[in-house]
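Trainee: Take this structure first; my questions come after.
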Amino acid sequence: NGLAFSPDGRTLYVSDTSRTEGGDGHTIHAYPVLDDQTLGEPRVFAEIEPGIPDGFRVDHRGWIWTSSEAGVQVLSAEGHRLGLIPTPQVCSNLCFSPKQQRLFITSKQHLYALDLAAR
């Protein structure tokens, strides 16, 4: 469903929200981008619970900010959960302002904006 590259362009992250053909709907996969610009074998980057990683973004540090049923989950570049930004409704998608100073979060009925700490 969602896809984004790491800041160095060497990894493609893909969210699998499919519950068909063996998918569990909770997984973000990481594909190495090879020297010939093809993709290598994927690995499971993270399992998102509760909910699904419907939309996500990668920041300048390589951290993944992903939607989930509980809000926005923040993951390190290694896939470790760093924190959660709870939202009143299920988070569906998100994006950063151009300089990543603000995070915009969508839900079924609302748009939230959160000012982030300066770099």
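Trainee: Applying the selection to the range 64-73, what residues are surrounded by 17 or more Cβ atoms within 10 Å (Cβ to Cβ) and either of a type in the set (A, V, I, L, M) or assigned to a loop (DSSP other than H, G, I, E, B) (or both)?
Mentor: Ile64, Ser68, Val72
Trainee: So if I check each of Gly51, Gly55, which one is closer than 21 Å to Arg10 by Cα, in contact with a Ser or Thr (Cβ under 8 Å, 6 or more places away or on another chain) and in contact (Cβ under 8 Å) with a residue 24 or more places away in the chain?
Mentor: Working: Gly51 fails: closer than 21 Å to Arg10 by Cα.
Result: Gly55 is the single residue among Gly51, Gly55 that is closer than 21 Å to Arg10 by Cα, in contact with a Ser or Thr (Cβ under 8 Å, 6 or more places away or on another chain) and in contact (Cβ under 8 Å) with a residue 24 or more places away in the chain.
Trainee: Are any residues in the range 100-119 more than 14 Å from Gly55 (Cβ to Cβ) and either in contact (Cβ under 8 Å) with a residue 12 or more places away in the chain or surrounded by 16 or more Cβ atoms within 10 Å (Cβ to Cβ) (or both), and if so, which ones?
Mentor: Gln100, Gln101, Arg102, Gln109, His110, Leu114, Asp115, Leu116, Ala118, Arg119, listed by residue number.
Trainee: Out of all the residues in the range 104-119, which are touching a Ser or Thr at 6+ places or on another chain (Cβ under 8 Å) and either among the acidic types (Asp, Glu) or within 16 Å of Trp63 (Cβ to Cβ) (or both)?
Mentor: If we filter the range 104-119 for residues that are touching a Ser or Thr at 6+ places or on another chain (Cβ under 8 Å), which is where we start, we get 104-108, 112.
Within the range 104-119, Ile105 is the sole residue that qualifies.
Trainee: Now for a separate question. Exactly one condition in (1) assigned to a loop (DSSP other than H, G, I, E, B); (2) at pLDDT below 95; (3) under 20 Å from Ser6 (Cβ atoms) is false for Asn93; which is it?
Mentor: (1)
Trainee: Another question about this same structure. So which residues in the range 29-63 are assigned to a loop (DSSP other than H, G, I, E, B) and closer than 16 Å to Cys95 by Cβ?
Mentor: Pro53, Asp54, Gly55, Asp59, His60, Trp63, listed by residue number.
Trainee: Run down Leu84, Leu34 and say which single residue is surrounded by fewer than 11 Cβ atoms within 10 Å (Cβ to Cβ), at pLDDT 95 or above and of a type in the set (A, V, I, L, M, F, W, C).
Mentor: Leu34
The values are calculated or read from the model by the stated rules, or taken from the named source; none is laboratory data. In this text, all values refer to a predicted model and were calculated from it rather than measured experimentally. Cβ atoms come from the backbone with ideal geometry, glycine included; neighbour counts cover every protein chain shown.
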